[in-house]
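Quick notes on the structure that follows.
Every number here is computed from the coordinates shown, using simple stated rules; none is lab data. Because the structure is a prediction, the values reported are computed rather than measured. Neighbour counts are summed over all protein chains in view; Cβ atoms, including those assigned to glycine, are modelled from backbone coordinates with ideal geometry.
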Ligand code: URA
C-alpha cells in the first residue's frame, strides 16, 4: 500500500472511530444445524465459530481472526480494549496442541504429577458440536494417553453407537488430566487446579452441546453440589452450550439397572439434535 492509500485509509478509519464504531467484523456465525462431522473434518476445518463469551480461554492460546481494532491504531491513540469481544479461534488444532503441551508439563498437583505416567489431555474433533466430559483418567488412559479407552470407554462406545453418534464427531476430555492414584475420586483442589485447562478446551472448541458423564463432571462444570440424579433429565446451560448430565459409564458397570436412565437421557439429548432414537434407522 503506498503512502497516499495509507493516508486515505487512516482518515477513513479515524472517521469511523469518531462515529463510534470500535471494531470491524471479520467472521459470521454459521447457522446452527446438526451435521455430523466426517472423520476428515479433523484436518479440514469448517468456517470459524465464535468462542463462547463466558468461557475464558487461557492466555497462551492463539486467538486469531480477532476483530480489527479501529480506534487508536491509525491515529496513535491507545488500542481499543474490548475484553468481552468473542475471539474466533482459526486453527483449533494448533491451539489445542499448545494447550496440551502446557498440560503435559503441569506440576500443579504434586501427587498427581509424580504418580502419572503421562497426562491425558483429550481427543476428538476440534470442530465438534458435542463435547463429552468425564471424571479423570484411569489406568488404561494413563497408559495410553487417551480418555475413555478402558472398560468404561468400551461402554461409552456402545452408548455412542446406540445413540447413532460417532466418536470422530465428538470431542472427549475429563475434568482431571492426570490419573488419581488408585482411581480415587478427584480432590477439590485438583479439580480447581485443572479447571483452567478444561476452560481452555471449551473456549477453543466452543461446543453447542456438552454431556457431563457423572457427578464429578456435572458438579464441577455447573458449580453445583446437587446429586447427579437431580442434575440429569434436563438441559442446563454453560455459556452458549446446552449441557446434559447423566450417569458415568463406570457407575453403570456397577449398577446396570441405571443403563435405562442413561438411555432415556440419550433419547432426550438426541431429540434436541433432531434424531428420534425411538424410530428405526
Ligand atoms: N473414566 C473417566 O471419567 N475418564 C476416562 O478417561 C476414563 C474413565
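With viscosity set to 0.692 mPa s at 37 °C, what whole-number translational diffusion coefficient in µm²/s follows for region 235-281 from Stokes-Einstein and a Kirkwood radius over Cα pairs?
Calculated translational D: 276 µm²/s.
Based on the mean of other Cβ atoms within 10 Å per residue, sort peptides 203-212, 223-232 so the most packed one is first.
203-212, 223-232
Compute the Cα gyration tensor for region 154-248, then decide on rounded, prolate or oblate, letting a ≥ b ≥ c be the square roots of its eigenvalues: rounded whenever a/c is under 1.5, prolate when a/b is larger than b/c in the other cases, and oblate in all that remain.
Since a/c stays below 1.5, the shape of region 154-248 is classed as rounded.
Could you put 243, 149 in order, starting from the residue whose Cβ has the fewest other Cβ atoms within 10 Å?
149, 243
Which stretch or stretches of region 178-196 have amide N atoms under 17 Å from the point lying 7 Å from residue 139's Cα along the Cα→Cβ direction?
Answer for region 178-196: 179-185.
With N residues in region 94-270, what two-decimal value do you get for its Cα radius of gyration over 2.2 N^0.38 Å?
So the Cα radius of gyration is 0.95 times the expected 2.2 N^0.38 Å.
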